[in-house]
Every structure is written in C-alpha cells, then in structure tokens.
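Everything on this sheet refers to the single structure shown next.
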Amino acid sequence: MKKLIFSIILGLGINAAGFAQINKHSIGIFAGSGLSNTFAIFNNGIGYDFGLSYTYKLNKRIALISGLDYDIRSSYTSSKIKNSSGNIVTHKLKNNFGFISVPLLLNITIGNKVKYYVNSGLSLNYLLNYKQTTDIGDKTDVYYDKGYFNKFGIDLNIGIGVLFPLSEKIDISIEARFRKGLNNIVRNPTMGSSKETTKNALLLLGLKYNLFQ
C-alpha cells in the first residue's frame, strides 16, 4: 500500500513538473515584407508587417498566439492615356492601407531543438490610415480620405515557419504567412460590384523571449 501511494505521489509530481515546464509565456517582436493586394483588378504591391506577439503554451505542441501589429497593404494599376495636350503619358494609381491588427492564432509545433510549426486563425483589424496616390505624367495628386472604406475587418491567417533556439530563453523564427480579408473593404459597394478584399503574403522574421521555463 505504501509503495502504491508513493508511486501515485511520484507520478503526480512528475506530471506537475512537466506541466509547469511546458506551460510557457513568451513575448516577441517580428517584422517582414512581401506582396499584397487591395483590389482584384489592381496589380500586387509591396506589403509590410511588424509588431509584438504573445504566446501561451497549452502543452508541448500546442500554443495560442496573440499580440498587436501594424501592417501596410498596397496595390496599383498603370496605363497609358492622352493628357489635355494630346500627349501619351503614364497614368498610375496606387492604394495604401494601414491596419492595426489583433490576431488570435492556434500554433502547432513539431521537433525538439529546431522546431517546425503551423499557425492558423483570425485577426481583427482597424483601418488606421489610407492613402491614394495618382500620377499622371509629371503631376501627382494625393488623397487621404478613408471614409469610403470599412473601419473594421476580419482576416484569415495561415502560416508555416521554423523556430531556432539561440539560448534557453531566446528563439528566432522565420515564417511565411498568408493573410486574406474576409469582409468587403468597401463600405457601400455599388449594385452588382464584386466583393473587394485585401490580402498579403509575407516573410516574417521574429525574436521571442521565453518568460518562464
């Protein structure tokens, strides 16, 4: 009986120690760039993303990730037109959207020292700023009014990456992430118009600090 009680206590102790070891809180920073688009008929532009992350490990393989980031999504269209003088000039229209985003991602990891992972989930966005630049020949006009667009949106996030340990406390990561808007970015679309959503494909570099081991 004493051996049985001792075995149970020992087992509980080992499980508790394992639970304490794998339930980590981590904070990090990340930044990256890639291709983005804001309208279906436009060409891909350059997108940027940087921010802070927070990770809570549920167990050795599964974690929840949140944080706060700022990302820029852009696209453009270009064509040749005649100006008022009858000359052929280049007409270029570029859209720039700046979003503040709060993600909630499920993270699944495999591996021991070098770890491979996938992320998936949603992010809530707020349209912080908008800039439209129109170039016609050597003339440039800039438009900042974001009232035509919805302030809030939801994105689908999917990512794959690899995590390299630098020390017991510090990891670096490289992640390819795809982000797709689920709602129409246009506030009052015209009758029969297609749904306009934003998207970007990014390569992100991250640095993570493990608060508890």
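The values are calculated or read from the model by the stated rules, or taken from the named source; none is laboratory data. Just so it is clear, the model here is predicted, and its values are computed rather than measured. Virtual Cβ from ideal backbone geometry, glycine too; neighbours counted across all protein chains shown.
Give me the residue from the stretch 158-180 that is under 19 Å from Tyr48 (Cα atoms) and among the small types (Gly, Ala, Ser) and, out of that set, surrounded by the fewest Cβ atoms within 10 Å (Cβ to Cβ). In this case the residue turns out to be Ala176.
The sole residue among Tyr76, Tyr54 that is of a type outside the set (S, T, N, Q) and at pLDDT 95 or above is Tyr54. One residue stands out among those in the stretch 71-88 that are surrounded by 15 or more Cβ atoms within 10 Å (Cβ to Cβ) and touching a residue at least 40 places away in the same chain (Cβ under 8 Å): the one that is nearest to Gly28 (Cα to Cα), which is Asp71.
Report whether or not Tyr148 is over 20 Å from the mean Cα position of the chain (by Cα) and free of Cβ contacts under 8 Å to residues at least 60 places away in the same chain. Yes: the conditions hold for Tyr148.
Within the bounds of the stretch 160-173, is there any residue that is within 21 Å of Leu35 (Cα to Cα) and in contact with a Leu (Cβ under 9 Å, 6 or more places away or on another chain)? Talk me through it step by step, then tell me what you get.
Just the residues of the stretch 160-173 that are within 21 Å of Leu35 (Cα to Cα), to begin with: 160-162, 173.
Those still in the list that are in contact with a Leu (Cβ under 9 Å, 6 or more places away or on another chain) too: 161, 173.
Yes, the conditions are met somewhere in the stretch 160-173.
Among residues of the stretch 91-113 that are closer than 30 Å to Glu168 by Cβ, those with a beta-carbon under 9 Å from a residue that is of a type in the set (Asp, Glu) and surrounded by 15 or more Cβ atoms within 10 Å (Cβ to Cβ) at least six positions away or on a different chain give the pairs Val102/Asp69; Pro103/Asp69; Pro103/Asp155. No other residue among Tyr148, Tyr130, Tyr117, Tyr143 is under 19 Å from Ser66 (Cα atoms) and either exposed (fewer than 13 other Cβ atoms within 10 Å of the Cβ) or not polar (S, T, N, Q) (or both) apart from Tyr117. A count restricted to the stretch 50-67 and to residues that are assigned to a strand (DSSP E or B), without any contact (Cβ under 8 Å) to a residue 60 or more places away in the chain and in contact with a Phe, Trp or Tyr (Cβ under 9 Å, 6 or more places away or on another chain) stands at 8.
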